[in-house]
Every structure is written in C-alpha cells, then in structure tokens.
Amino acid sequence: MAAAQAYPVRVDASLDAPLSRWLWLVKWVLVIPHYIVLAFLWVAFVVLSAAAMVAIVVTSRYPRAIFEFNVGVLRWTWRVQYYAIGAFGTDRYPPFTLADDPSYPAHLEVEYPQRLSRGLALVKWWLLAIPQYIIVGVFTGSGLWAAWQLGGHDSGWGGFGLIGLLAVIAAVVLLVTGRYPDQIYDFVLGMNRWVLRVAGYAGLMTDRYPPFRLDMGGHDPGTLTVPPAPGSAVEDTPGVTELRQTHPRRPGGWTGGRVVAAVAGAVLVLFSVGLLGGSGVALWAQANRHGGYADLATASYSVPDYALASDTIGLHLATGTASDLLGTVRIRVTPVSGTSPAFVGIDLAGVDYATVRGATGHRGTYIEHAGSAPAVPPGQAGIWTTHAAGPGTQTLTWAIHSGDWTVIAMNADASRPVAMTVNVAATLPALPWIATGLLVGGIVVLAGGVLLIVVSLRRASTH
C-alpha cells in the first residue's frame, strides 16, 4: 500500500494459531488485574493530556515524556483488548508494561510529532472529532450506552458494540470448528485500528485527521515488514516475520516506579479538583445567603397519600456539634395551587404516607407505606417536636441537635392527596471554616500531585 496512506498511529497484530477453543470464555476474568491497572493509567492519561495541551498551546510541542507515557497507555490497552473482548486474537497473557514487547502479537506505535498546531489542540479533541466519536461509539458500544442513558434507563455497563459482537461470533466459531474466521479477524482488526487512530488524534498526538477507512488485516499500512534479524528468536519461528516501525524509537524512560509516581500524582490532582470545587461551592453558598440562610434544595412533590415524609435523619454527633455545623434549619412548604392549607412538622405517628427517596430535577421519587387516615388534623396531634400550619407558604425553623428526626409535610386538614413545593435552607455557621479547609487541602493536594508528576516526567526525560 502506498506510503502516502500511512497514518501516524500504527496498529499491528498477528493472529495466533492454534488458539484454545475454550480459553476465551474466561479471559474476561483473567484480565481483571489489567483493567484495575488501566483504570489508574487512564486517569493519568487524562491529566497528562491536559498538561500536554497547555504545553502545545504555549510551545507547539508535545512534551516527549508525556507522549511516551500516553502512547504506552494506548499500547497497553490495545494488548489487553486484543487478548480479550476486543479480538480474542491471542492466548498469550498481556505483559504489564508501557513499552512495546516485540514478542507479543499486538503492537501500537505513534510517530512523534515535531510540531503541532496550537489552535487545533483546543478544538480537535472535542469538536472536530465528533463525527469520529459517533463511528467509534458504534464500533465499541459506547454510543449504544449513551443512547440507553439518555433514554432514561439505568445501566452501569457499556453497550455491546460491533467489535465485541463480532469477536464473540468468531470465538463461538472457534469453539465449534477450532479455527478463527479470517474475514471476521480482518474486519475486527480494521475497526480496532480505526478506534485507536481516533484515540491518538483525540489525545493530541497528531494533527492529521483520522481517515474514514477500514485498513483491515493485521499489517498497518504505515508499518514496514522486514525479514527477522539473523539468529533472533523470531527467525527460528517458521512463517513469522518481524514488524519494525518506519521511525526510530527512543529507549523507554518509564520505569515501574515512575509510572506509579505519575499515576499517584494524577489521582491527587483529580482529588484536588474535587476539594477545590467543594471549596468554590461553599464560598458561593456563603456569598449567596438570604436572611442568614444558605439555600440547600428546592423540589416539588405530589403523592396520593396523607403525608409526605423524609428518610429518617440520623444526627448522632457530640453535644453541640450538630448545631455548630448546621446551625438552624429552615423548611418552607408551599401548597400547590388549589390544595388545602399546608402543615410541616418534625416526627410522625404511623399513618398512610410516602417517603421521599430523592429528587430527579424538581420532581421526587417515593416509597409508599400503608397506614390509616389521621384521626385528627396534624396540628392537633401533639406529637411534634416543632411544626407550622396554615394557608399559603409555611415556614418551620429548627435548631438542630443530635437524634433521629423525620420531616413531615401534610395538608393542614389531614386530607389527601398531598402536593407541595419544599425548600430547605440552613444557617451553616461552619461554612466559612469548611470552605477554607477545602481550599487549603485542595492546594496542598494539588501541589503534591503536581510535584509527583513533574518529578516522574523529569526522570523519564533524562535517560
């Protein structure tokens, strides 16, 4: 194939023969250690890619140490996918390394770019790559998963894409006949090659847009096939040729310790983002108090029962701690137009009611509990720690202290159904201290993460 068709992300593989008829049934279990490691490696990939984007915008160059690390993550992922659901193309267990293993049947290389566009680095990974992401979603199943989620279904597992489907079909054929179908293998390799090219482009490793084509089969057009070196182990294997890159590779600088340090640093950086984000939310809440109260939540509820109840709120803190943290809570309930006057109280006797299990947007989800109708209007029951009742919006203020509490909203005349809008706010006297603590903690954790990443990158660069 002409050299002009070569793409900088080069993916190669060779089908092992013979393959075990049954091993593919348990490979998904065998690669669990790899999936655990890859979860952390991909955290580092994302963080280091963000750092690389900044470097590209400033210098037009992709830092070499980050480049080699991220290529290594793609390479590791490809080997695991090739062994497991991505192809079932080998029975050899993938090595735990970022470096290329010449003896392993799956390979990935990315040509190092001397210069990259500063402008493209800002848009290609999210905007320009959208058409490619749609195709990759079909190949990998992530598009089906996204559609499933948008459709309102609850699922914790990605969609089963075309790659996985064809790999399983090939594995079933292997189980029956003892042979992996060549046509399916070529197609699966072509789709995997497409996915990895898009990953390299989205990872800012090249400015060349991924081609809309399937380069099927084991040999990538950008890889030079040459005879094995005399006396090598490959030469002693009949029918096997050696694949060499068309560009030189530097010796690997990523030792196990440096990889662990970079991953730990990336995890700390992401954790610091959460701390700093929490500090920002706390500072925003502090600055947007109304009448001394910070707004916590507002939601609308409608149930066919006599009462609307929160889950039991367990506050088992040292004396004074609950009030020091939360201060005074204010609960406002507003009846929906046309309903009875409202009632809100703390605690409840056993009647027919619905427990609020959270809110989706401004609507609640509930669990209904059987019970009898209230014997008297709620304001006359004498069972409440505190309560408020009457027409229009009712406001209940409660100085929190330790114990188990339930918030109840009802119609003041004990009728049903109950339809209320509920707002919860609190004084939160500890909010400034919480914001400061999160800010300081976020800065310290961020500094530690950046230090680990910088040290690992410097050591990986000076080899």
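The values are calculated or read from the model by the stated rules, or taken from the named source; none is laboratory data. Fair warning: this is a prediction, and the values are worked out from it, not measured in the lab. So basically every Cβ, Gly included, is an ideal-geometry build from the backbone, and we count neighbours across all protein chains shown. Keep in mind that these areas ignore ligands, DNA and RNA; they rest on the heavy atoms of the full protein, side chains included. Shrake-Rupley method; radii C 1.70, N 1.55, O 1.52, S 1.80 Å.
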Original post:
Which values, in whole Å and largest first, are the semi-axes of the equivalent ellipsoid of region 1-142 obtained as the square root of 5 times each eigenvalue of the Cα gyration tensor?
Top reply: 30, 17, 16
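Give me the orientation-averaged projected area of the Cα convex hull of region 379-463, in nm², one decimal.
On the way: hull surface 42.7 nm².
The number I arrive at for region 379-463 is 10.7 nm².
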Subject >> Nitroxide proxy distance, nm - points 7 Å out along Cα→Cβ at Ser142 and Leu214 >> reply: 2.0
Subject >> Share of carbon and sulfur in the accessible heavy-atom surface of region 1-83 [1.4 Å probe, %] >> reply: 77
